[in-house]
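Comments concern the structure below.
The values are calculated or read from the model by the stated rules, or taken from the named source; none is laboratory data. Worth saying up front: this structure is predicted, and the values here are computed from it rather than measured. Virtual Cβ from ideal backbone geometry, glycine too; neighbours counted across all protein chains shown. The protein model used for the area step is the full one, side chains on, heavy atoms only, and it has no ligands, DNA or RNA in it. Shrake-Rupley method; radii C 1.70, N 1.55, O 1.52, S 1.80 Å.
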Amino acid sequence: MQLAKAPAVPDTDPAKPAPPTGNQPDWTASVLAELGLGPPTNPPTNAPHGNTGAPVTASENARLAALSAEELAATNLTMGDTKALFGQSYMLRLKDTPIRGEGDPALKALMREVEKGLSGPRRTAVMQDLAGIVGIPPTAEQLDLDYGRFLVVRRQQAAIGTAKNDTVPGLNEEMHPRFMASRPQLMFGKVVGDAFGIHEVFAALLSPTGGLVGPGNWLIPGVVKAGHLAPDNPVGLHGTVHDAAGYLLSFHDAGPGYNYRDSRIEILGTDSPLSGQVSGIAFWAKEAGDDYVRHRVDAALVEMEKALKSARDAVTAEIERRLAEAQQAAARAAGTAKGLAEKAGQVMVGVGDAILDARDKVRRTAVQTFETATRALGGKPNRKAKDKLDAAWDFIWS
């Protein structure tokens with residue numbers, strides 16, 4: 001999405017009710033609610049709105065494809081209630097939804113072909129290959145119907161975008177070589193695809209930078225690239241849903257827009273990419289923050305154990321090498337009592353040195369991995385994470 005300039009913020013907003021009198025103004029209650037510290041205020045509605053879009057069939061795809069750009073721009077192509085896609089129950093399911101094919105190089109190659117356009121035998125072959133990765137179901141025939149609807153939706157995107165003097169940026173794969181077919185991109189496609197009733201592979205290509213943290217390929221245009229965060233990162237989850245909600249409103253006049261939580265703490269209108277940031281991040285930090293920290297702690301402990309095992313293996317090998325060398329030297333020595341005593345002493349010195357080296361190597365590795373694990377948590381792990389790392393630290397030295 002292209003980042004719009006933020007309009008000047010007025011001192012008062014006539015569209016919003018004045019805060020009530022008393023000790024706690026209305027916006028404070030809203031902030032507390034967003035952070036899960038108070039009762040919810042003005043929650044998103046799941047009430048149906050508008051007309052339900054036409055089913056994805058060959059005949060309906062053909063009818064829609066025959067419409068003019070103006071007619072298509074005025075046609076509702078969404079399936080059911082798009083606001084429900086941004087309700088709490090849907091979004092929390094989305095976080096853990098398995099997406100087949102994510103990260104698959106073969107899927108990445110097929111998505112590039114789909115983006116360029118398909119026809120004839122190659123279209124049939126691509127649908128069969130896609131079904132082999134993401135299905136079955138869906139079958140190749142079902143995917144082909146979805147592709148036909150994808151072409152219709154993309155025409156609507158162009159028609160509405162032209163009227164608004166807006167365009168969807170393409171993905172710069174030189175800047176983001178691992179983003180195509182990644183989980184964040186396909187999760188964005190899942191939300192948009194559910195809105196139109198098409199598969200996430202096609203829906204992701206309606207706005208291929210959807211899911212990157214930032215407008216399009218850049219966080220700060222020409223200066224800082226958009227972020228590609230871990231799929232369970234609360235900020236990354238927010239960015240994916242925020243992009244989907246904003247895209248639907250910007251290019252299809254559907255859905256709640258960037259303020260997808262319908263929060264009163266957001267000052268700007270829901271058509272602004274700057275709207276929905278505070279309430280959205282607060283929601284995901286509350287709902288997914290603990291899981292994210294726990295997973296990072298577990299991953300850090302796994303890496304710690306790998307590093308320690310490597311150190312132990314290296315130390316064991318060093319001890320065995322020194323013992324073998326000492327034994328070979330002793331076997332070659334003269335068979336005198338003096339010679340045997342000297343070689344026995346050398347063996348003991350060598351083993352002693354090896355044990356001291358082992359202790360030092362394990363200590364250095366433990367310190368390094370413990371510090372790495374702590375930095376992975378931003379240097380300020382929460383209490384549970386800290387207890388977990390401290391327990392690991394105590395075990396290392398026990």
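Quote the FRET efficiency, to the nearest 0.05, computed for Glu70 versus Arg178 with a Förster distance R0 of 30 Å and r equal to the Cβ-Cβ distance.
Efficiency, rounded to the nearest 0.05: 0.15.
At a 10 angstrom cut-off on C-beta neighbours, averaged per residue, how do the peptides 127-135, 259-267, 112-120 rank from highest to lowest?
259-267, 127-135, 112-120
Once you list every other residue whose beta carbon is under 13 Å from the beta carbon of Thr78, what net charge do they have if Lys and Arg are +1 and Asp and Glu are -1?
Taking every Cβ under 13 Å from that of Thr78, the sum is -1.
Give me the percent of accessible area attributable to carbon and sulfur for the range 143-215, probe 1.4 angstrom.
With neighbouring chains kept in place, the figure for the range 143-215 is 49 percent.
What is the local net charge at Ile160, summed over the other residues whose Cβ is closer than 9 Å to its Cβ (Lys, Arg +1; Asp, Glu -1)?
Net local charge, Ile160 excluded: -1.
Provide the per residue accessible area, probe 1.4 Å, for the range 56-137, rounded to a whole number of square angstrom.
51
Using 0.36 nm per residue of separation minus the Cα-Cα distance, give me the extension gain between Ile133 and Asp271 in nm, one decimal.
46.1 nm
Could you tell me the ratio Rg/Rh of the range 95-245? Both radii from Cα atoms, Rh via Kirkwood.
Expressed as Rg/Rh, it is 0.95.
Each label point is 7 Å from the Cα along the Cα-to-Cβ direction; what then is the distance between the points at Asp166 and Gln88, in nm?
It works out to 2.9 nm between the two label points.
For the range 149-196, what is the accessible area per residue in Å², given a 1.4 Å probe and the full set of protein chains?
About 37 Å² of surface per residue is accessible.
Just list whichever of Lys83/Lys190; Lys190/Lys286; Lys108/Lys164; Lys83/Lys164 have alpha carbons separated by over 20 Å in the model shown.
Exceeds cut-off: Lys190/Lys286; Lys108/Lys164; Lys83/Lys164.
I want the local charge near Ser250. Using Cβ-Cβ distances under 11 Å, sum +1 for each Lys or Arg and -1 for each Asp or Glu among the other residues.
-3
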